[in-house]
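The next block holds one structure in the form of structure tokens; read it before the comments.
The values are calculated or read from the model by the stated rules, or taken from the named source; none is laboratory data. Worth saying up front: this structure is predicted, and the values here are computed from it rather than measured. When we count neighbours, we look across all protein chains shown, and the Cβ atoms used for this are built from the backbone with ideal geometry, even at glycine. To get the accessible areas, we keep the full protein, side chains included, count just its heavy atoms, and leave off ligands, DNA and RNA. Shrake-Rupley method; radii C 1.70, N 1.55, O 1.52, S 1.80 Å.
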Amino acid sequence: MSTTFTIDTSTSRATPVAAPMKRLTVPAIRARKQAIAEGRGEPLVMLTAYTVRTAQLLDPHCDLLLVGDSLGQVIYGLPSTVPVTLQMMAAHGAAVVRGSYHALVVVDMPFGSYEASPRQAFESAAFLLKETGAAAVKLEGGEAMAETVAFLSDRGIPVMGHVGLTPQAVNALGGYGARGRSEAEAAKIVGDARAVAQAGAFAVVIEGVVEPIAIEITRAVGVPTIGIGASAQCDGQVLVAEDMLGLFERTPRFVKRYGDMAGFISDRAATYAGEVRDRSFPTAEQTYAPKA
């Protein structure tokens with residue numbers, strides 16, 4: 001009795017193609033720090049992704065895809081990231097993993113899913129990794145979260161840290177302004193980054209800080225730093241893809257818009273609406289004739 005085996009050679013589960021790409025690993029991302037320092041590695045590229053199709057388009061160009069809790073605002077129209085749930089993160093994380101084969105996928109742990117205790121964090125992180133197939137989780141906070149980072153790392157859960165402007169703490173911070181303008185706040189942010197790196201984080205996002213702080217942290221920690229509103233001297237950069245593509249008319253100061261997707265979509269929708277109203281769409285090319 002013979003058995004036939006089928007080998008999956010697709011780079012995307014949703015859109016198979018012929019040449020598979022090998023997915024990057026946590027050790028490979030961590031090792032980029034030394035490679036960059038020695039001049040033999042390029043800065044890390046990270047963008048957010050929330051859907052299969054977006055993941056397919058971004059995956060070949062990125063080292064990491066972040067399923068950010070920013071989906072609360074970008075996808076669901078929520079006022080902040082605070083209302084985002086584990087179930088939301090799991091659903092979108094699974095979609096991004098299905099749509100990618102190259103980039104390492106990191107899923108944000110939402111507010112309230114990890115702060116109470118290391119054990120709570122482990123249960124939440126294990127749920128996310130099981131449900132999504134992602135490689136790592138990201139959590140916000142510095143010294144206060146170091147014990148949790150160590151607890152997760154010691155139990156086989158890769159953790160990306162996040163310091164500086166931490167959006168989940170927007171209510172406590174009083175807004176989204178840049179951090180580190182005072183000496184005391186700057187010292188705390190640097191201390192936070194050191195703490196999570198020493199606790200086992202494989203990389204640290206630095207968000208919304210004055211540039212000298214980002215440079216100091218990048219020089220001080222032994223893992224890659226990924227900046228957003230920080231410095232070009234970080235070991236990598238991340239942006240919300242929809243901001244970068246110009247899907248929203250208003251974006252944060254630190255975003256460079258690489259397109260005007262909002263204008264493009266609006267113009268095309270207007271053209272479509274006009275053709276529907278004047279009955280020039282659909283034409284014979286878009287309708288079905290009866291069989292002869």
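Please determine, by comparing only the residues of the stretch 37-59 that are in contact (Cβ under 8 Å) with a residue 12 or more places away in the chain and open to solvent by 70 Å² or more (accessible area, probe 1.4 Å), which one is nearest to Ala134 (Cα to Cα). If you could, list the steps in order and put the result at the bottom.
Within the stretch 37-59, the first condition is being in contact (Cβ under 8 Å) with a residue 12 or more places away in the chain, and the residues that meet it are 43-56, 58-59.
If we keep only those that are open to solvent by 70 Å² or more (accessible area, probe 1.4 Å) too, we end up with 43, 53.
Values: Pro43: 22, Arg53: 17 Å.
It comes out as Arg53.
Here Ser266 meets the list (1) of a type in the set (Ser, Thr, Tyr); (2) more than 29 Å from Ser153 (Cβ to Cβ); (3) part of a loop (DSSP other than H, G, I, E, B) almost entirely, failing just condition (3).
Residues in the stretch 90-116 that are in a helix (DSSP H, G or I) and open to solvent by 40 Å² or more (accessible area, probe 1.4 Å): Ala91, Arg98. Residues in the stretch 61-77 that are in contact with a helix residue (DSSP H, G or I) (Cβ under 8 Å, 6 or more places away or on another chain) and in a helix (DSSP H, G or I) were compared, and the one that is nearest to Gly133 (Cα to Cα) is Leu71. Within the stretch 269-288, the set of residues being part of a helix (DSSP H, G or I) and surrounded by 12 or more Cβ atoms within 10 Å (Cβ to Cβ) comprises just one member, Glu275. Residues in the stretch 142-182 that are surrounded by fewer than 24 Cβ atoms within 10 Å (Cβ to Cβ), part of a helix (DSSP H, G or I) and modelled with pLDDT of 85 or more: Glu143, Ala144, Ala146, Glu147, Ala150, Phe151, Ser153, Asp154.
Just to be sure before I move on: is Leu64 among the hydrophobic types (A, V, I, L, M, F, W, C) and under 15 Å from the mean Cα position of the chain (by Cα) in the structure I sent? Yes. For the stretch 238-263, taking the residues that are touching a residue at least 40 places away in the same chain (Cβ under 8 Å) and not in a loop (DSSP other than H, G, I, E, B), the one that is surrounded by the most Cβ atoms within 10 Å (Cβ to Cβ) is identified as Val238. Among the numbered criteria (1) modelled with pLDDT under 95; (2) open to solvent by 10 Å² or more (accessible area, probe 1.4 Å), which single criterion is violated by Glu131? Checking Glu131 against (1) modelled with pLDDT under 95; (2) open to solvent by 10 Å² or more (accessible area, probe 1.4 Å), the one that fails is (1).
Quick grid of which residues meet (1) touching a strand residue (DSSP E or B) at 6+ places or on another chain (Cβ under 6 Å); (2) part of a loop (DSSP other than H, G, I, E, B); (3) crowded, with 18+ Cβ neighbours inside 10 Å:
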site	(1), (2), (3)
Ala184	no, no, no
Ala187	no, no, no
Gly191	no, no, no
Ala195	no, no, yes
Ala201	yes, yes, yes
Val205	yes, no, yes
Ile215	no, no, yes
Thr218	yes, no, yes
Gly222	no, yes, no
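Counting the residues of the stretch 78-89 that are open to solvent by 10 Å² or more (accessible area, probe 1.4 Å) and not in a loop (DSSP other than H, G, I, E, B) gives 3.
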